[in-house]
Structure formats: structure tokens, C-alpha cells
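Engineer: Got a structure for you, questions after.
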Amino acid sequence: MPNSILPRRQFLKSAVAGSVVFPGIVQQLFAEQDGTFTNRASHFPAKAKRVIFLFMTGGVSHVDTFDPKPALMRDHGKEIKADHPEIKDRPGYERIYLKRPQWEFKNYGESGTAVSTLFPHVATCVDDIAMIRSMHTSHSNHYNATLGMHTGSFSFARPSLGSWTSYGLGTLNDNLPSFVVIAPKQTYAGTQVYSNDFLPGVHQGTLVVPGAEPIANITPRVSLERQQLELSALNAFNRSHQESRQDSVLTARMRSFETAFGMQMAVPDAFDFKQETAATLDNYDLQPGQTTGFGWQCLAARRLIERGVRFVELIDTGSSGNWDAHGDMMSHVSLAKNVDRPIAGLLKDLKQRGMLEDTLVVWTTEFGRTPFNNTADAKGREHHPWAFTSWMAGAGVKPGIVHGATDEHGLRAVEKPVHVHDFHATILYLMGFDHEKLTYRHAGRDYRLTDVSGHVAQDILS
């Protein structure tokens, strides 16, 4: 690195970035691509203007939550053949036995969709939900399956779904990022789940950590007037530098400073829940002044999309752990209780405000859990990529339906299967994109979220 560059970068960081540094923007400041970041048109009229993506990390058991299997109850303890390589080659799985669900299912709403007693509040919203019971994925490891659910790639770092959405549509608010991730801590695959990778740096997800200061150092350390003078000086230097070199990278850097400056006003307002009524807080299972919990994440998501954020992901990595229930399925009780009422509250709040009409709410996990184990009385379940359940609600989604089905024991998706690539294609379609045409040229190849696969699940579209 030339010696002349380091002092300039230090100056840039100290002048403005030092006052408003937060995750996401730091990566944007020194992005190595041109960062066009304006409101852009989709391929065709979109049903959804924005997405709230609810990710239950760890692998939620479909047969214990949203995919009722009476035959699994009936055949509990029955031995089945371990005829698949992922089972028969695994130590301890020479013989496997069916394991019944540990919770009862009931039918809800006019649609009569069955949901287990683990989700009594989400169950009251089934008439607004399209339940997809035929999901399947391409890997059984947490890291790979989580990476695949977010980027469409199960092995290599690629841009995330949120970054593709930001790249395709741009921003509706110059003072806020277009892609925000709210999580108490990182999930499997870490920052790769919200990485822009080879897309322009402005499409990197900005991480918000619930707490008293969701975005660190957002409060200015100097006066507004002083910052305006600093930013004006920086822009003058940058423009002079750009005129002599036509450096497209500098455009992204300059845009990042402007966003960072604007966020000092926009961010505190977005996370100021004192503006919400007691009834609204209660709807999200929140107490006045509470700054953590999945209810806080859900309400923050609603407030962010109100202010123009395109894509908000909520990752459930709370204090009660994740959904990886190898040892004991009863861990699902506290996990479900933590998210059930807030998710239902979010759906009802969006609907009451008329926002569900153009907001797509997506609920998913990375894979399901086995309807069997090496003993019938095993307390837990293992990773299961062949079948799991996800759901969508809101803009462009046919409400109150069940799409696809697994076999009688919940082992495999057998009716209208939806692979992760199909899932992504459908989300992009609702955002107004042909997934085969939303591409970015990198290293001599046109990349896309769905790689060389993917079909829109037309049956779930309204």
C-alpha cells in the first residue's frame, strides 16, 4: 500500500466515520465496487415493496410444529430401513425407529390449517399464511444449510438474499441502509448470511444488536455544525480526487459518508419505542423500556420498513439458545414461547396498519428434524434436509393455504416440493424480479441468487 494512502484513510475515518461507525457502513466505506444506491425499478410490477425475513436458526422440527403426521403417532417405535447414504453411513444409525411428535395439533381459522400447541398465537394468523410443507434443501450441516438458505450457495460465499434485494431495488430512504439484520449474536456462517460479497458494498447488511444502543457510536461526538463542515471538506477533497481519476470506487465511499451522517438522526428515531402505545407494546409482548427479546426485534422491523428499509432479517439467536434439538425436543417449548406471540403480533400489527398488503413476511429455518432416531425413546431429533416447513404471508401471497406435502411420516417432500432455490425464486418474483434476469457479472460470469436452478411456486401466489 503506498504511504500516501494511509494518512488519507485515517483522516476520513477520524473526520466522520469515527463519529458514526457501525457494522455495515464500515464495510461500505472501502468497498471495491461502484455503489449505485438509488430507488430502481423491478422487472415487472411488484406485489411486495419490502421483506421481513424471520430466520429460526438451528433447525425447527416440522413434525412438531406445522406439519401434522397422524401416521407418525400411530407408528411410533416402528423400525424403518436406513436406506439413504446420509443415514446408513452415519455411526449409530444402522437401525432407526420412528419417533412420534410430542405436541398435539389442532385446526385453526376458516382455512382449518393445523398447527401444534407450540405456536398458539401464530395459529390464530393461519388465514393470512401460505404454509409450505414441502421444503427441502441440499445439505445437512448447519453452516452449509444456513449459507444456502441465505445465499443460494451451500459451499461458497455469495451475496445474500437481502443484498440481492437491495441491489435490485435500491433504497427508499437515503438516511437508512436498505438491508438491516437484527440479531443478538451471529448464527451459523456468521456475517456471510448478510454479506454483499461481490455486489457493490452499499448492499452489505447492517447488523443491529438489540440493547440500549442497537447501533454503537451513533450519537455524534461533535456538533452538527462541525460535522457538516467536516463532511463538506471531505466532499471537496473527494470531488477533486474523482475529477482527475474518474474513480468509480470513490462514489461508493462518498455515498457511505452521506448515509452515515443522515443515520445520526434517522436511527435514534427508528428505535425510539417511547412513541408506541402501551397496547402496541403488549401486542409484541414487550414491557415499556424493554430493549431486548424477539418482540423488540419484531417491532424494530416494523418501524424500519415504515421508514423505507427494503429488507429486514430477524435472526432468533436469543438467550435460550437455538433450535438444534439433538439432546431434547423439549427445548422447543421455550424457543417457541420466545417468538410465538411477537410473530403473531407483527402479522396483526402490519395487517391493522394496512402494511401487510405490500410487505412480504417470510418464516423459515435451515432444515427440519428427523421423524426418527436410533431409538424410539430418544429425546431429541437429528438434522433433516429432505423435508421441513416454511411459510409466507402478506404481499402477493395466497392466504390461508397449504402448499405441498411430505409423506405420511414426514420423511420426504413428495407433493409440490420446494427447494431453497425455488423459495428464493418465489420471493424475488413477489419483489418484481425474474430470478433468471437479476444477475451481476463477476469474474467473467453472470451470477444470480438461484445459481442455475429455481422455479417460482406459482400455487402460493394470489
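Engineer: Place a +1 charge on the Cβ of each Lys and Arg in the range 329-462 and a -1 charge on the Cβ of each Asp and Glu, then give the dipole magnitude about the Cα centre in debye, rounded to the nearest 20.
Structural biologist: Using only the charged Cβ atoms, the result is roughly 360 debye.
Engineer: From the backbone phi of the range 386-394, what are the Karplus-calculated ³J(HN,Hα) couplings (6.51 cos²θ - 1.76 cosθ + 1.60, θ = phi - 60°) in whole Hz, Gly and Pro given as x?
Structural biologist: With coefficients 6.51, -1.76 and 1.60, one gets 6, 7, 6, 10, 10, 8, 10, 8, x Hz.
Engineer: For the pair Q242 and R226, how long in nm is the line joining their label points, each one 7 Å along Cα→Cβ?
Structural biologist: For Q242 paired with R226, the spin-label model returns 2.7 nm.
Engineer: Let me ask you something else. Fewest Cβ neighbours within 10 Å first, please rank T57, T280, T151 accordingly.
Structural biologist: T280, T57, T151
Engineer: Moving on. Under a crude label model (7 Å from the Cα following the beta-carbon direction), how far is A278 from D434 in nanometres?
Structural biologist: A separation of 5.5 nm, rounded to one decimal place.
Engineer: While we're on this one: Tell me, what is the FRET efficiency for K81 and S155 to the nearest 0.05, using R0 = 25 angstrom and their Cβ-Cβ distance as r?
Structural biologist: 0.25
Engineer: Once amide H atoms are built 1.01 Å from N in the peptide plane, which residues 5 or more positions from I96, or in another chain, come under 5 Å H to H?
Structural biologist: I80, A82
Engineer: Enumerate the aspartates and glutamates that K351 could reach by cross-link, defined here as Cα to Cα under 14 Å, with residues fewer than 8 away along the same chain left out.
Structural biologist: Of all the aspartates and glutamates, those that pass the test against K351 - Cα under 14 Å, at least 8 places apart if same chain - are D127, D128, E306.
Engineer: Which is farthest toward the positive dipole end of the range 340-379 among V361, A344, P371, measuring Cα position about the Cα centre, with Cβ charges +1 (Lys, Arg) and -1 (Asp, Glu)?
Structural biologist: Most positive-ward Cα: A344.
Engineer: Let me ask another. Kindly flag which residue pairs out of K69/K379; K185/K416; K78/K185; K106/K398; K49/K416 have an alpha-carbon separation exceeding 30 Å in this structure.
Structural biologist: Distance filter (> 30 Å) returns K185/K416; K78/K185.
Engineer: Between L98, F237, T165, whose Cα lies farthest towards the positive end of the dipole of the range 97-249 when Lys and Arg beta carbons carry +1 and Asp and Glu beta carbons carry -1, centred on the Cα centre?
Structural biologist: My answer, from the dipole projection, is L98.
Engineer: Against the globular-protein guess of 2.2 N^0.38 Å, express the Cα radius of gyration of the range 155-198 as a ratio, rounded to two decimals.
Structural biologist: Compared with the compact-globule rule of thumb, the range 155-198 sits at 1.23.
Engineer: Can you sort E243, E213 from fewest to most other Cβ atoms within 10 Å of each residue's own Cβ?
Structural biologist: Lowest count first: E243, E213.
Engineer: Relative contact order, percent, of the range 109-227 when contacts are C-alpha pairs under 8 Å separated by at least 6 residues?
Structural biologist: Reported as a whole number, the value is 20 percent.
Engineer: Would you mind calculating the gained length between D407 and S111 on full extension (0.36 nm times residue separation, minus the Cα-Cα distance), in nm to one decimal?
Structural biologist: Difference between extended and current length: 104.4 nm.
FYI, it's all coordinate maths here, none of it is from the lab. A quick note: this is a predicted structure, and the numbers were derived from the prediction, not measured. For neighbour counting, all protein chains shown are included, and Cβ atoms are generated from backbone atoms with ideal geometry for every residue, glycine included.
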